[in-house]
Amino acid sequence: MAAFSHTPVLLEECMQGLNLKDSGIYFDGTLGGAGHSREILKRAKGSRLVATDLDLDAIEAARQNLSEFEGRFRIFHSNFKDFEDVLDEAGVEKLDGAILDLGISSYQIDNDSRGFSYMAGDAPLDMRMNREQELTAADILNTESVQRLTQIFREYGEERFAGQIAAEVARRRDAQPFRYAKDLTKVVTDVIPYKFQQSGPPQRKVFQALRIAVNQELEGLYECILGLARRLNPEGRLVIISFHSLEDRIVKTAYNYLAADCVCPKNIPVCVCGKRSEIRIVNNKPITANPREVALNPRASSAKLRVAERI
C-alpha cells in the first residue's frame, strides 16, 4: 500500500476562518491525513477534536499524524453526515468550530488500486471512499439503466453527451462488463466528438460523476450543513471547502437559508414563517487559493472556501 499523503488545501485560510479559541471543541468531518486537524490542535491550546472519515487508510495515517496530541482527539470511522450520532457518542453538545473538505485526497487519486483517477488505464473501476461498502463504479456501469446512467453523467458530471455515453456503455457491457478505467475512457473518447475534447481530458466529468454516485456525496449535504451550523456555539465557525460547482452551489444555498431573517414568499406583506437569521456569512465571495499555493499544489486551483459564523 502506498504511503498516505495529502497536502491540506487553503490551510491558513481555514485556520483564520475557524477563528480558533483555546480550549475549544472542534469537528473535522473529512479528516483525511489530519492536515487541518493537526493545525487546529496545535494552534488552539487545550482544544479537543472529534473527527470522522470513511477511509480506514486515512484514519490510520491520521492517528499517527496526531499522536503527539493523544487524549485530545477522537476519530470515528463514519460519514460526516452522521455527525449528530458521532457527537452524541463523543459526549459533545456544542462545537466552537467545524470544517469539511469535500474533495478527495491526493493519496486516493494517486493510488491506482482505489480507481479514482482516469490516468491509470489498468486501475479498477472502484472509487469507494469506504472500502467496506459493496457498491463500486463498475457495479453502476454494469447494472444501471441507460436512463439512470444518463442522469448520473448529466447531473453529477454536467456532461453534455451524457445520453450518448450512457447508451454506448449499455451496448458494450453486453459483450464485455466494465472492469478498468481504460474501458470507460475508451467509450468517452469514442463518443465525444474530437472538437469537444480539446479543452481537457474528455473523461474527467464522467469519472467525477461516477465517484459522486458511488459515494453519494451530494445526498444529505444540504441538511448536514444546516445541522452542523445549529450545533455551533454563538460565534462558532463553519468552514467548508468545495471543489466543483455542484457542491459549492449546495453550500451557498444552505448558508443563504441559514442567514435569512425571513423565508416567506415576497407577496406576503407580514412575516408568518417565524424564520430568524441563524448565521452570519463571513465571506460573501468564496476564498480561493493564491498563485503560490496553486503552483505548489495544482489540485488547489478549483478549491472554494466559504465561512459562516453562528449568531
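Inspect the stretch 31-39 for any residue being acidic (Asp, Glu) and open to solvent by less than 50 Å² (accessible area, probe 1.4 Å) and give the result as yes or no.
Looking through the stretch 31-39, at least one residue is acidic (Asp, Glu) and open to solvent by less than 50 Å² (accessible area, probe 1.4 Å).
Determine whether the stretch 129-148 contains at least one residue that is closer than 30 Å to Val251 by Cα, open to solvent by less than 50 Å² (accessible area, probe 1.4 Å) and small (Gly, Ala, Ser).
Within the stretch 129-148 (the criterion being closer than 30 Å to Val251 by Cα, open to solvent by less than 50 Å² (accessible area, probe 1.4 Å) and small (Gly, Ala, Ser)), the answer is yes, since at least one residue qualifies.
Could you grab me the full set of residues in the stretch 253-277 that are more than 28 Å from Ser105 (Cα to Cα) and crowded, with 18+ Cβ neighbours inside 10 Å?
Leu258
Kindly list, by first and then second residue, each pair from a residue in the stretch 86-97 that is at negative phi and surrounded by fewer than 21 Cβ atoms within 10 Å (Cβ to Cβ) to a residue that is part of a loop (DSSP other than H, G, I, E, B) and of a type in the set (Lys, Arg), limited to pairs with Cβ atoms under 9 Å and residues at least 6 apart or on different chains.
As it stands, the answer is Val92/Arg231; Glu93/Arg231; Lys94/Arg231, since those pairs meet every condition given.
List pairs: first residue in the stretch 133-147 and farther than 18 Å from Glu217 by Cα, second residue modelled with pLDDT of 95 or more anywhere in the structure, Cβ distance under 7 angstrom, at least six positions apart or on different chains.
Within 7 Å, the pairs are Asn142/Arg173; Asn142/Pro177; Asn142/Phe178; Val146/Ala166; Val146/Ala167; Val146/Ala170.
For residues in the stretch 40-52 being closer than 19 Å to Val92 by Cα and basic (Lys, Arg), which is surrounded by the fewest Cβ atoms within 10 Å (Cβ to Cβ)?
Lys45
Considering only helices (runs of 4 or more DSSP H) fully contained in the stretch 184-297, which possess at least 1 residues that are closer than 30 Å to Asp88 by Cα and of a type in the set (A, V, I, L, M)?
204-215, 221-230, 245-259
Hey, Lys186 hits all of (1) closer than 29 Å to Glu144 by Cα; (2) in contact (Cβ under 8 Å) with a residue 24 or more places away in the chain; (3) surrounded by fewer than 18 Cβ atoms within 10 Å (Cβ to Cβ) but one; which does it fall short on?
(2)
Just one of (1) open to solvent by less than 70 Å² (accessible area, probe 1.4 Å); (2) at pLDDT below 95; (3) β-branched (Val, Ile, Thr) trips up Ile250, so point out which.
Status for Ile250: all satisfied but (2).
Based on this model, can you work out whether Glu70 counts as exposed (fewer than 14 other Cβ atoms within 10 Å of the Cβ), of a type outside the set (A, V, I, L, M, F, W, C) and either in contact (Cβ under 8 Å) with a residue 40 or more places away in the chain or in contact with a Phe, Trp or Tyr (Cβ under 6 Å, 6 or more places away or on another chain) (or both)? Spell out how you get there, then give the answer.
Numbers: exposed (fewer than 14 other Cβ atoms within 10 Å of the Cβ): yes; of a type outside the set (A, V, I, L, M, F, W, C): yes; either in contact (Cβ under 8 Å) with a residue 40 or more places away in the chain or in contact with a Phe, Trp or Tyr (Cβ under 6 Å, 6 or more places away or on another chain) (or both): no.
It is false that Glu70 is exposed (fewer than 14 other Cβ atoms within 10 Å of the Cβ), of a type outside the set (A, V, I, L, M, F, W, C) and either in contact (Cβ under 8 Å) with a residue 40 or more places away in the chain or in contact with a Phe, Trp or Tyr (Cβ under 6 Å, 6 or more places away or on another chain) (or both).
Test of understanding: among Asn233, Asn215, Asn283, which residue is in contact with a Leu (Cβ under 8 Å, 6 or more places away or on another chain), modelled with pLDDT of 95 or more, open to solvent by 30 Å² or more (accessible area, probe 1.4 Å) and not hydroxyl-bearing (Ser, Thr, Tyr)?
Checking each option against the conditions leaves just Asn233.
Being under 23 Å from Lys182 (Cα atoms) and of a type in the set (A, V, I, L, M) is the filter; apply it to the stretch 98-118 and report the residue that is surrounded by the fewest Cβ atoms within 10 Å (Cβ to Cβ).
The selected residue is Ile109.
The values are calculated or read from the model by the stated rules, or taken from the named source; none is laboratory data. The structure presented is a predicted model; accordingly, all values stated were derived computationally and were not measured. For neighbour counting, all protein chains shown are included, and Cβ atoms are generated from backbone atoms with ideal geometry for every residue, glycine included. Ligands, DNA and RNA are stripped out before the accessible areas are found, and what is left, the full protein with its side chains, is counted by its heavy atoms. Shrake-Rupley method; radii C 1.70, N 1.55, O 1.52, S 1.80 Å.
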